[in-house]
Amino acid sequence: MIWLGIESSCDDTACAILRENKDSIEILSNCLYSQIDEHKAWGGIVPELASRAHLEKIVPVLEQALEQANTSIEEIEQIAFTASPGLMGSLLVGANFAQGLAKDLGIECYGINHLEGHICSAMLDKGEWLADKSFIALIVSGGHTELVLLKPKFKYTSIGKTRDDAAGEAFDKSGKQLGLGYPAGAEISRLAKNGNKNFYEFPRALNEPTSLDFSFSGLKTAVNRYVQTKGKEFVEENMANICASLQEAIADILSLKAVNAAKKNNVENLILCGGVSANSRLRELLEERASKNGINLICPPPALCTDNGAMIAAAAIFRKRAELLVENREVKAWNELF
């Protein structure tokens, strides 16, 4: 079975071609157009610009994916697209394109939840969903930070989430206060490699054993006050150390609560996914803490951490194998999956 996965929930236009075999899933291509240049001047994502960029790029990205996969459009047998959550205009571009293409080709088309796609990206290289096991998933990105208990047959229970800002937003907004470019997350990670993570102790909110919720708004405020107190010259001279300390504060609380969630729920498998899961310090610290507690950590490869079409097709494949996928049925919102 040849699948086309389409992702357009925010500011990345992505198409992937997957071959579903009996015992494996092969990524034939996974192409993406990033809109960073379109939004950089504004310091954040402008929804109208994002929608227009999707309209301009979705066909070229699909053509690139087909070429890399050495596949013709007529060979596509199933289509999966991101239906929710995301920016409404961006979602509409991908949904209308996918549904129109499916109708033209006379094939099935499925709407997939974006966050479920991130979770399934961690299982993609395994080729199958471990249907008889339970997992804790830490979904951490620019718009989401949540701990979810997953049981067989895609049964979800939300056990912790951010009360205000997502971790990815804390990276980007704090980076902006430090004078870094957009998006700041990757730049902070790069600079932190040459810094001292113990240079300054930024706050870890809700840092108590009984809570699995997160809060990052106070961290942004702390960074702002630190910059104002120390001054521009001091910040520039110590940028690597400040970035390392900031990164440590975020990675520390994320990894601590994820491992606590697994222990509290007697779960041996922990999934880390979402755009921020590409952060090397978060992966390192989570692996260290999971290993000490006998927990198996499962992470997607870095190429599958950010938004991509392969994860959307993977979610459709896993759901169809579990007989939980219905064509043209409106995808459930994230909170309705629980």
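So that you can scan it fast, the table gives a plain yes or no per residue for (1) out of contact with any Leu (no Cβ under 8 Å at 6 or more places or on another chain); (2) under 27 Å from Gly44 (Cβ atoms):
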position: Pro152; (1), (2): yes, no
position: Gly160; (1), (2): no, yes
position: Glu169; (1), (2): yes, yes
position: Gln177; (1), (2): yes, yes
position: Gly195; (1), (2): yes, yes
position: Phe199; (1), (2): yes, no
position: Lys220; (1), (2): yes, yes
position: Asn224; (1), (2): yes, yes
(1) over 24 Å from Ser280 (Cα atoms); (2) in contact (Cβ under 8 Å) with a residue 60 or more places away in the chain; (3) outside the structural domain of Gly44 (by TED's automatic domain parsing) all hold for Val140 apart from (1)
Residues that are touching a residue at least 40 places away in the same chain (Cβ under 8 Å), assigned to a loop (DSSP other than H, G, I, E, B) and within 16 Å of Arg321 (Cα to Cα), drawn from region 11-35: Asn21, Asp23, Ser24
Checking Leu212 against (1) at pLDDT below 95; (2) crowded, with 18+ Cβ neighbours inside 10 Å, which single condition isn't satisfied? (1)
Quick one: in region 149-199, which of the residues that are on the phi > 0 side of the Ramachandran plot and over 19 Å from the mean Cα position of the chain (by Cα) is modelled with the highest pLDDT? Gly179
Do we find a residue being assigned to a helix (DSSP H, G or I), touching a residue at least 12 places away in the same chain (Cβ under 8 Å) and either of a type in the set (Ser, Thr, Tyr) or within 21 Å of Ala122 (Cβ to Cβ) (or both) anywhere in region 47-59? yes
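Tell me, yes or no, whether region 104-122 has at least one residue that is among the aromatic types (Phe, Trp, Tyr), assigned by TED's automatic domain parsing to the domain that holds Asp11, closer than 17 Å to Ile2 by Cα and touching a residue at least 60 places away in the same chain (Cβ under 8 Å).
The first filter runs over region 104-122 and keeps only residues among the aromatic types (Phe, Trp, Tyr), leaving 110.
If we keep only those that are assigned by TED's automatic domain parsing to the domain that holds Asp11 as well, we get 110.
Of the ones still in play, those that are also closer than 17 Å to Ile2 by Cα are 110.
Of the ones still in play, those that are also touching a residue at least 60 places away in the same chain (Cβ under 8 Å) are 110.
Yes - at least one qualifying residue is present in region 104-122.
Residues checked against (1) crowded, with 24+ Cβ neighbours inside 10 Å; (2) modelled with pLDDT of 95 or more; (3) part of a loop (DSSP other than H, G, I, E, B); (4) within 23 Å of the chain's Cα centre (by Cα):
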residue	(1), (2), (3), (4)
Gly94	yes, yes, no, yes
Gly100	no, yes, no, no
Ile112	yes, no, no, yes
Glu116	yes, no, no, yes
Asp125	no, no, no, yes
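The values are calculated or read from the model by the stated rules, or taken from the named source; none is laboratory data. Computed from a predicted model, the values in this text were never measured in an experiment. Every residue, glycine among them, receives a Cβ derived from its backbone with ideal geometry; neighbour counts consider all protein chains shown.
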